[in-house]
1. Cα-based Rg (one decimal) and Dmax (whole number) for region 1-88, in Å?
2. If you project the alpha carbons of region 157-310 onto their three principal axes, what span does each projection cover, largest first, in Å?
3. Could you pull out every residue, at least 5 positions away or on a different chain, whose amide H is within less than 5 Å of the one on Thr273? Hs are placed 1.01 Å off N in the peptide plane, and Pro or chain starts have none.
4. Using Cα-Cα distances under 8 Å and only pairs 6 or more residues apart, what relative contact order does region 95-158 have, in percent?
5. Arrange the peptides 143-156, 190-203, 263-276 so that the one whose residues have, on average, the most other Cβ atoms within 10 Å appears first.
6. Under a 1.4 Å probe, what is the accessible area of the chain per residue, stated in Å²?
7. Hey, if you put +1 on the Cβ of every Lys and Arg and -1 on every Asp and Glu Cβ in the chain, which of Val38, His288, His249 ends up farthest toward the positive end of that dipole?
8. Tell me the carbon and sulfur percent of the accessible area for the chain, rounded to whole percent, probe radius 1.4 Å.
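The values are calculated or read from the model by the stated rules, or taken from the named source; none is laboratory data. What you see is a predicted model, and the numbers here were worked out from it, not measured in a lab. Cβ: placed from backbone, ideal geometry, glycine included. Neighbour counts: every protein chain shown. The area values use the complete protein model at the heavy-atom level, side chains included, leaving out ligands, DNA and RNA. Shrake-Rupley method; radii C 1.70, N 1.55, O 1.52, S 1.80 Å.
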Amino acid sequence: MIRAAVLKSVGSPLTIEDIHLPPPSAGEVHVRLAAAGVCHSDLSLANGTLVQALPAVLGHEGAGTVIEVGPGVTNVRSGEPVLLNWSPSCGGCWFCMHGEPYLCEQTASAWQRRYARLADGTELYAGLGTAAFGEETIVPSSALVSLPTNINLESAALLGCAMLTGVGAVINSAAVQPGESVVVFGTGGVGLSVLQGARLVGAEVVIGVDITAEKEGLARTNGATDFILAGDQVARRIRERTAGRGADHAFECVGSATTIRQAWSSTRRGGRTTVVGIGTKDEKVEFHPQEIFYFGRTLCGCVFGSTDIARDLPRLLEHVQSGRIRPEDLVTNHIKLEDAPEALAQMSARKGARSLIIY
Ligand SMILES: [Zn+2]
Ligand SMILES: [Zn+2]
């Protein structure tokens with residue numbers, strides 16, 4: 001038996017339960033978690049914005065050590081440090097064959113997996129296929145990537161979702177160039193990772209926007225050169241800071257119609273807005289046809305930072321080892337597994353950035 005944070009129904013708080021993990025089957029791996037980040041997508045799964053089969057153990061941003069591999073597993077070995085990958089790609093579908101593994105047709109099926117049982121025998125689903133809110137998990141080998149042996153697993157956990165997404169959005173999706181101006185709406189874990197990515201590639205003006213004034217220090221630590229409180233004549237202040245034109249790039253890390261519209265309006269003519277946040281289906285973003293023509297702007301969706309994990313993780317690890325990327329700077333709370341329900345509640349109230357569960 002191990003302990004895990006279980007979501008039994010949409011909208012209910014997570015409960016800490018003893019659960020039973022079977023031995024790994026063919027192609028599966030048993031992992032002991034070292035740390036897991038509490039991501040905004042966990043909140044979206046818990047409150048029903050995103051759909052997850054239940055009951056489930058959430059958590060998809062984690063790192064740990066392999067305990068045991070099932071028959072036929074060749075990519076990782078017992079005792080090895082590993083990163084969970086909630087977006088495994090099949091390698092064979094049209095998207096995988098065309099360099100877009102983050103859009104793989106098979107990924108969603110990896111999220112519909114039963115992997116453990118409650119003490120009363122009820123089967124549990126693995127949230128986003130990985131179930132990192134447990135002391136241990138069982139995952140398909142495709143949901144794991146090896147890490148260097150000298151890595152700090154607590155920091156590495158944050159690479160799995162926030163940092164690959166945020167840095168990938170800057171480098172892969174938007175291709176931000178040195179000297180360009182960047183504005184980031186929403187400074188949670190992913191938004192802070194976008195700020196770090198913008199700093200990494202040499203953006204000159206990097207503006208963080210958030211509804212919470214207390215986020216300013218955090219935003220600046222993660223690479224913001226400027227901070228604007230949301231609602232405070234945001235578009236005008238961004239134009240003032242960018243020679244009257246507007247920003248070259250906006251990144252929307254909230255997932256709301258209002259901020260998507262603000263982000264688009266804060267870019268210059270010909271500028272680009274990259275929407276990283278995951279919104280609901282019950283809002284609409286409005287544009288009038290003439291402004292679409294006149295401003296010549298681009299509005300672009302972004303899934304998992306357009307990441308090819310086999311290509312991008314080694315590069316990101318190099319930046320972490322050299323100190324140019326600092327996952328630990330995202331973390332506002334180091335917590336225990338028992339605190340996971342409260343961490344989701346805090347996130348719902350838009351307090352803090354990343355909570356990191358240390359096992
Ligand atoms: Zn996530
Ligand atoms: Zn595929």
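1. Both quantities, over Cα of region 1-88: 14.1, 39 Å.
2. 44, 30, 29
3. Excluding prolines and chain starts, which carry no amide H, the hits are Ala250, Thr298, Leu299, Cys300.
4. Reported as a whole number, the value is 18 percent.
5. Packing proxy ranking, top to bottom: 190-203, 263-276, 143-156.
6. I get 42 Å² per residue for this part.
7. His288
8. Values: 7660 of 15090 Å².
C and S fraction of accessible area: 51 percent.
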